[in-house]
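S.K.: Supplied in structure tokens, the structure appears directly below.
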Amino acid sequence: AQSVTQLGSHVSVSEGALVLLRCNYSSSVPPYLFWYVQYPNQGLQLLLKYTSAATLVKGINGFEAEFKKSETSFHLTKPSAHMSDAAEYFCAVSGGGGTASKLTFGTGTRLQVTL
Amino acid sequence: DAGVIQSPRHEVTEMGQEVTLRCKPISGHDYLFWYRQTMMRGLELLIYFNNNVPIDDSGMPEDRFSAKMPNASFSTLKIQPSEPRDSAVYFCASSSPPGQENLGVAFFGQGTRLTVV
């Protein structure tokens, strides 16, 4: 079974500041890990994914995440926040192993960006 | 491709009425998922299909909920009878089969906001 834990349901940063959203995972098999973003009244959109290739994964809108097996973490970062980054962010895990399977989502972190 | 298409976008219904939510997955995707999102419980997987066959329905909350996928391009989620606590945003998502570049990535529809009064 797989699960993810997102630390912090709300994160507030100033525009231009570093964004760090935390995600820790638990998986009995090598995981596939994902970050999704949800803007108000929208569906979820993929930001980036880790599927056992490079441990540092770059995504859209300047976001990146690093897979750290020793820490069972997959934290999302962006060097400089923009007002348009305000949204809810979800970390997710699937079983990997060459088969598409269901995604298990974290509880989400709402990012607020202030002037 | 237009992406995952859900209808209706908004539904308001009275308690006790039947509600049917519809989903058209991305062409070529053979996994289809139904999720429910609420403030209290976050994103919950209700059921998912592979090649039109239900694989895991353990997330379906009650017998009032049912889902079908009669063909590769259409799925429904039905609630009968509906109750106020069913009020939520329901998302449909689809993903591609193993071996393709987007393996494991679920593409979401815009969701259906259901309000049961």
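S.K.: Taking the alpha-carbon set of the protein assembly as shown, what are its Rg and Dmax in Å?
M.R.: 17.7, 51
S.K.: Another question about this same structure. Share of chain A's accessible area from carbon and sulfur, percent, 1.4 Å?
M.R.: Within chain A, the accessible surface is 54 percent carbon and sulfur.
S.K.: Moving on. Between chains B and A, what is the buried accessible area summed over both chains (1.4 Å probe, protein heavy atoms, nearest 100 Å²)?
M.R.: Buried surface at the B/A interface: approximately 1700 Å².
S.K.: What is the local net charge at B:GLU11, summed over the other residues whose Cβ is closer than 13 Å to its Cβ (Lys, Arg +1; Asp, Glu -1)?
M.R.: Net of charged neighbours comes to +1.
S.K.: In Å², what does the accessible area per residue of the range A:20-87 work out to with a 1.4 Å probe?
M.R.: Ligands and nucleic acids excluded, the figure is 48 Å² per residue.
S.K.: One-quarter of the Cα convex hull surface for the range B:56-98, in nm²?
M.R.: Mean shadow area of the hull around the Cα atoms is 4.0 nm².
S.K.: Mean separation of Cα pairs under 8 Å and 6+ residues apart, divided by the residue count of chain B: what relative contact order is that in percent?
M.R.: It comes to 36 percent, rounded to a whole number.
S.K.: Same structure again: How long are the semi-axes of the ellipsoid equivalent to chain A, from square roots of 5 times the Cα gyration tensor eigenvalues, in whole Å, largest first?
M.R.: Equivalent-ellipsoid dimensions as semi-axes: 24, 14, 12 Å.
S.K.: Mind scanning A:LYS102/B:LYS68; A:LYS69/B:LYS24; A:LYS49/B:LYS78; A:LYS49/B:LYS68 and naming the pairs with a C-alpha gap bigger than 25 Å?
M.R.: A:LYS69/B:LYS24; A:LYS49/B:LYS78; A:LYS49/B:LYS68
S.K.: Report the local net charge at B:SER95: Lys and Arg +1, Asp and Glu -1, summed over other residues whose C-beta lies under 10 Å from its C-beta.
M.R.: Taking every other residue near B:SER95 into account, the sum is 0.
S.K.: Also: Binned at 10 Å from 0, what are the whole-percent values of the Cα-Cα distance distribution for chain B, short to long?
M.R.: It works out to 15, 49, 29, 6, 1, in whole percents.
S.K.: Please list, by residue number, every one of the trypsin sites (Lys or Arg not before Pro) in the range B:31-117 that is coil in DSSP and has at most 12 other beta-carbon atoms within 10 Å.
M.R.: Passing sites in the range B:31-117 are B:ARG41.
The values are calculated or read from the model by the stated rules, or taken from the named source; none is laboratory data. These numbers come from a predicted model, not from an experiment. Cβ coordinates were reconstructed from backbone atoms using ideal geometry, including for glycine residues, and neighbour counts include every protein chain displayed. Protein only, heavy atoms only, side chains kept; ligands, DNA and RNA dropped before computing areas. Shrake-Rupley method; radii C 1.70, N 1.55, O 1.52, S 1.80 Å.
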